[in-house]
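For reference, the structure discussed in these notes is given below.
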Amino acid sequence: MNIKILDTTLRDGEQTPGVSLTSLEKLRIARKLDEINVDYIEAGSAITSEGERDSIKEITSQDLNAEILSFARPLTVDIDYCIDCDVDGVNLVVPTSDLHIHDKLNTTSDKLIDLSNNAVDYCKDHGLIVELSAEDASRSDVDFLKSVFFNAIDHGADRVCVCDTVGILTPDTSFELFSKLNDLTVPISVHCHNDFGLAVANTLAALKGGASEIHTTINGIGERAGNTSFEECVVSINRLLPEFSTDIKINEIYNISKLVARATGVYIQPNKAIVGENAFAHESGIHADGIIKNSATYEAMTPELVGRQRKFILGKHMGTHGLNSKLQEWGLNVDEDQLNQICHDVKELADKGKTVTDVDLQVIADNVLQINHEDRIKLDELTIVSGNKVMPTASVKIIFDDEEILNAGVGLGPVDAAINSLKSLDIFKDIDLIEYHVDSITGGTDAFIDVIIKLQKGGKVVSARGTEADIINASVKAYIAGVNRLLRD
Ligand code: MN
């Protein structure tokens, strides 16, 4: 059975504490959701603000394939704003638990059904698709919940949704609840929250119980502990539930996850399934050895399935197999003694509590193989002007093969300005900075700053590190070290 996906990253996801997206970011995310075949996109809540309506209008004007919805309460004022935004449909949210009806709305069950029916009528009179979401459905009387749904369907609702608003279902109770709704004549959707870490499990159980649509957010962002994670659900359906399928382009999952993480500033925990930094990383020697022989030994799926690549991590659990495959990637062929020596040196560094990066391995390998590299680019002078009323500006003098080169650049901040003063030079022009990562090694403002960057030139990728008390110097040092490595062959 084909499962439809309503993604609410732009509505429930944006309700993540501290997150507020610009119109442009919302548009970019909506386009990507559409590109990877999400069926329904909840673009926001039209009643919220002028700015919110502008972003929804921007999205509805794009002629996307996905159905675009806005959140609405069962009130004419909300629905009018949705109509104004030219959405295809509304996610009409009607509370169905006693707690919400009496304590929040201070009304009665009968009046609530009238309110709901009138709102559905009003939407249908204005040509809107209606998905009626029962808020707090998991704490509602099932008979009352069903009468709200039956009424809404009689009045023309196209789909209904059961919301586990505070995330109190378990896979068993989720399955039971949905099994009781099989006499409804429209598609049933499930909207879960992750307060007990069960959102994905409950969503999958709902499918078994009869739901045919799921509400998700990218990276599982959302209020409190978040919503059902899009990537975990989609990949689980693909790999673990052969009776169901989605139309999602799975190999784009990592890209959209990164896009949303960058736009929202909500970073992904390293051990997060599917999209976490460590989801396809192997450090243990036994595992790396198995993976190289047959990746199925220690991977539930290939990283390529979700648009990623496998990583072998250097560290004290590492074995020579993983290490050797990494060295070979760099074109370094070593004999057994050299390999053992490199392995020993890496572990010694790891034992000191240090994260061993590709740069460290490069230096260790160079030492063992006694390769001496002469750096072609050297930094001679760097001057930065920065403050609250000036545009950050940098001037640099570098020595490139004994020739002095001077340049200047501006940027959003001093690091950006410094890197821009280098990037605009001819020798750097084919080089892309693809990753930039900063750590402070100790605690205070006097801490040493560790900058790790990744640079790309053509098909070649290198990483490099700069460690200094000054973040700008550390960044420039890492950048130049990376370029020197790229220039070596
Ligand atoms: Mn919600």
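The values are calculated or read from the model by the stated rules, or taken from the named source; none is laboratory data. Being a predicted model, the structure only gives us computed values, none of them experimental. Heads up, the Cβs are rebuilt from the backbone with ideal geometry, glycines too, and the neighbour counts pull from every protein chain shown. Just so you know, the surface numbers come from the protein's heavy atoms only, side chains and all, with ligands and any DNA or RNA stripped out. Shrake-Rupley method; radii C 1.70, N 1.55, O 1.52, S 1.80 Å.
Quick one: length gained pulling K180 to T297 fully straight, 0.36 nm per residue minus the C-alpha distance?
38.0 nm
Quick one: dipole size for the range 377-488, taken about the Cα centre, charges +1 on Lys/Arg Cβ and -1 on Asp/Glu Cβ, in debye to the nearest 20.
Computed charge dipole of the range 377-488: roughly 320 debye.
Between D172 and E252, how high is the FRET efficiency from 1/(1 + (r/R0)^6) when r is the Cβ-Cβ distance and R₀ = 25 Å? Nearest 0.05.
Working from the Cβ atoms, E equals 0.15.
Tell me, Kirkwood radius of the range 177-225 from alpha-carbon pair distances, in Å?
Hydrodynamic radius (Kirkwood, Cα only) of the range 177-225 equals 11.4 Å.
Go through the range 452-465 residue by residue and turn each phi into a ³J(HN,Hα) via Karplus (6.51, -1.76, 1.60, θ = phi - 60°); whole Hz please, and just put x for glycine and proline.
So the Karplus estimates, Gly and Pro as x, are 10, 10, 10, 10, 10, 9, x, x, 9, 10, 10, 10, 8, 10 Hz.
Counting only Cα atoms, I'd like the Rg/Rh figure for the range 244-302, Kirkwood definition for Rh.
Taking Rh as the inverse mean 1/r over Cα pairs, Rg/Rh reads 1.06.
Provide the FRET efficiency to the nearest 0.05 for the V438-D110 pair, computing r from the beta carbons and using R0 = 45 Å.
0.15
Under 25 °C and 0.890 mPa s, how fast does the range 377-488 diffuse according to Stokes-Einstein, given a Kirkwood radius computed over C-alpha pairs? Answer in µm²/s, whole number.
172 µm²/s
Return the distance in nm (one decimal) between the two label points of a simple spin-label model at N271 and K316, each offset 7 Å from Cα along Cα→Cβ.
With each label placed 7 Å out from Cα toward Cβ, I get 1.8 nm.
What Kirkwood hydrodynamic radius, in Å, does the range 139-244 give when the mean of 1/r is taken over all pairs of distinct Cα atoms and then inverted?
For the range 139-244, the Kirkwood estimate is 13.9 Å.
Can you pull out the trypsin sites (Lys or Arg not before Pro) in the range 315-377 that DSSP calls coil and that have at most 11 other Cβ atoms within 10 Å?
K352
Want the number for N37 to K429: 0.36 nm per residue separation, take away the alpha-carbon distance, what's left?
Separation in residues times 0.36 nm, less the Cα-Cα distance, equals 137.5 nm.
How large is ³J(HN,Hα) for each residue in the range 422-434, as worked out from phi by the Karplus curve 6.51 cos²θ - 1.76 cosθ + 1.60 (θ = phi - 60°), to whole Hz, x for Gly and Pro?
Those phi angles translate into 8, 4, 7, 6, 3, 5, 9, 5, 8, 9, 9, 7, 9 Hz.
For helix 50-60, report the angle its Cα long axis makes with the longest principal axis of the Cα atoms of the chain; keep it between 0 and 90° and round to the nearest 10°.
Once rounded, one gets 90 degrees.
Give the dimensionless ratio obtained when the Cα radius of gyration of the chain is divided by 2.2 N^0.38 Å.
Its radius of gyration relative to the 2.2 N^0.38 Å reference: 1.18.
With a 1.4 Å probe and all protein chains left in place, how much of the accessible area of the chain comes from carbon and sulfur atoms, in whole percent?
Solvent-exposed carbon and sulfur of the chain make up 48 percent of the total.
Could you tell me the relative contact order of the range 377-488? Use alpha-carbon pairs under 8 Å, at least six residues apart, and round to a whole percent.
18 percent
For D402 paired with T445, estimate the spin-label separation in nm (one decimal), with each label point 7 Å from Cα along the Cα-to-Cβ line.
Calculated label separation equals 4.6 nm.
Any chance you could give the angle, 0 to 90 degrees and rounded to 10, that helix 320-329 forms with the longest Cα principal axis of the chain?
With rounding to tens, the tilt is 80 degrees.
What accessible area per residue, rounded to a whole number of Å², is obtained for the chain using a probe radius of 1.4 Å?
Roughly 46 Å² per residue, with all protein chains present.
Cross-link candidates for K104: which lysines have Cα within less than 28 Å, leaving aside residues fewer than 8 places away along the same chain?
K124, K146, K180
Let me check against my output: what whole-number percent is the relative contact order of the range 281-369, with C-alpha pairs under 8 Å and at least 6 apart?
28 percent
Roughly how much of L240 is accessible, in Å² to the nearest 10, using a 1.4 Å probe?
That residue has around 120 Å² of solvent-accessible surface.
If amide H atoms are built 1.01 Å from N in the plane of the peptide, which residues on other chains or at least 5 residues away come under 5 Å of the amide H of I129?
Those qualifying (amide H under 5 Å, at least 5 residues apart or on another chain) are G89, V90.
Take the Cβ-Cβ distance between D335 and T383 as r, set R0 to 60 Å, and report the resulting FRET efficiency rounded to the nearest 0.05.
The calculated FRET efficiency here is 0.80.
Full extension from V363 to L412: what is 0.36 nm times the residue separation minus their Cα-Cα distance, to one decimal in nm?
That works out to 14.4 nm of additional length.
If you wrap a convex hull around the Cα atoms of the range 430-489, how much volume per residue is inside, in Å³?
Looking at the range 430-489, the number lands at 62 Å³ per residue.
What number, in percent, do you get for the relative contact order of the chain if the mean sequence gap of Cα pairs under 8 Å and at least 6 apart is divided by its residue count?
Result for the chain is 9 percent.
Label points 7 Å out from Cα along the Cβ direction at M391 and V77: separation in nm?
Placing both labels 7 Å beyond Cα along the Cβ direction yields 4.5 nm.
Mind pulling the angle between the C-alpha long axis of helix 142-154 and the longest principal axis of the chain? Nearest 10 degrees, somewhere in 0 to 90.
Helix 142-154 and the main axis of the chain meet at about 80 degrees.
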